[in-house]
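Reading through the structure tokens given below for one structure.
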Amino acid sequence: MKHRITIISLFLFLSTVTKSQDIDSYKKTTVFFYSADTSGSVVPIGTGFFVTRWCKNSSSLPNFIATAKHVIQDDKGNFKKEVYIRINTSDSNSRLVYARLDTSKVNGNVILNKSKEVDLVLIAFAPTKTDYKTLSVPQSQILNKTDFIASNFKEGDDVFFTGLFSHFTGNSMIYPIFRFGHIALVPKEKIMWVMGLTDLILVEVSSYGGNSGSPVFFKKLGNNGQEFIYLGGVLSGTYRDISEVKVITTKNTPVVPYNNGITGVVPSYFINEMFYYPELISRFGE
């Protein structure tokens with residue numbers, strides 16, 4: 001599989017999705033991350049999605065790719081220096097875009113959540129070419145913590161996510177796969193996760209390698225019966241899929257516990273909080 005590799009600059013406005021659009025539109029928010037392995041081959045490693053921060057200067061809205069922090073880290077927890085981001089184009093093809101990663105606070109394009117336990121990063125990045133077939137989740141669909149709690153997302157609410165399906169990423173275009181399910185648990189206390197105790201929502205949706213960093217959307221009915229779709233959070237992983245593998249022997253048959261169907265989601269209000277970090281405001285304005 002061959003892809004055109006393009007180096008692009010940052011911070012150009014993208015079209016945004018709206019609450020009223022069919023959920024198929026949310027595929028267009030999604031991108032795939034690739035990385036070079038030890039042999040030099042470029043392999044898929046995870047998912048990301050475009051988000052747009054509101055600011056007073058509406059003619060130049062800052063754009064980012066949100067993803068799980070561990071997607072751009074190596075096995076030792078060090079941040080990768082570079083990745084490739086695969087994006088669909090309007091001519092039914094895709095481009096593999098080379099991107100350097102800089103986590104420095106002053107001029108870096110990778111913004112880390114201030115809590116090391118939160119599996120989330122924002123990468124300042126937006127296509128400059130007009131032929132990319134992309135949409136961006138606007139800040140109006142990314143609730144702050146107060147509004148998130150007031151929305152009363154609860155067990156049983158419908159959810160879906162779009163992400164990389166490692167068995168079929170597409171030859172010419174990328175094909176984000178949809179998976180559907182329900183909120184399984186909205187705890188009032190932190191949950192132990194791979195990076196420590198953290199705020200997490202558990203959803204009953206099986207996820208596998210490559211799904212990390214996917215946008216997870218929550219559906220909610222308004223008082224008038226109208227359906228609203230909000231960004232619920234960022235898929236961080238499933239129980240067992242990034243834990244050590246333990247082999248249990250039963251009657252001489254090795255059994256590997258892998259996936260119990262419960263996925264951890266970093267709540268989207270962390271993205272909203274990051275939009276107001278002083279270093280972002282100083283660079284992109286209020």
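Observations, loosely collected:
- Trypsin sites (Lys or Arg not before Pro) within region 69-171: DSSP coil, no more than 12 neighbouring Cβ in 10 Å: Lys76, Lys81, Lys105, Lys114, Lys116, Lys154
- Summing charges over neighbours of Ser115, with a neighbour being any other residue whose Cβ is under 11 Å away from its Cβ, gives 0 when K and R count +1 and D and E count -1.
- A Stokes-Einstein calculation at 20 °C with viscosity 1.002 mPa s, built on the Kirkwood radius of region 26-110 over Cα pairs, returns a diffusion coefficient of 150 µm²/s.
- Its Cα centre serving as origin, region 115-177 has a Cβ charge dipole (Lys and Arg +1, Asp and Glu -1) of approximately 260 debye.
- Shown in residue order for region 101-109 are the 3J(HN,Hα) couplings computed by the Karplus curve 6.51 cos²θ - 1.76 cosθ + 1.60 at θ = phi - 60°: 10, 10, 9, 5, 6, 7, 10, x, 9 Hz (x for Gly and Pro).
Values in this text are rule-based calculations from the coordinates and carry no lab data. Everything numeric in this text was worked out from a predicted model, so none of it was measured. Because the Cβ atoms are built from the backbone with ideal geometry, glycine has one as well, and the counts that use them run over all protein chains shown.
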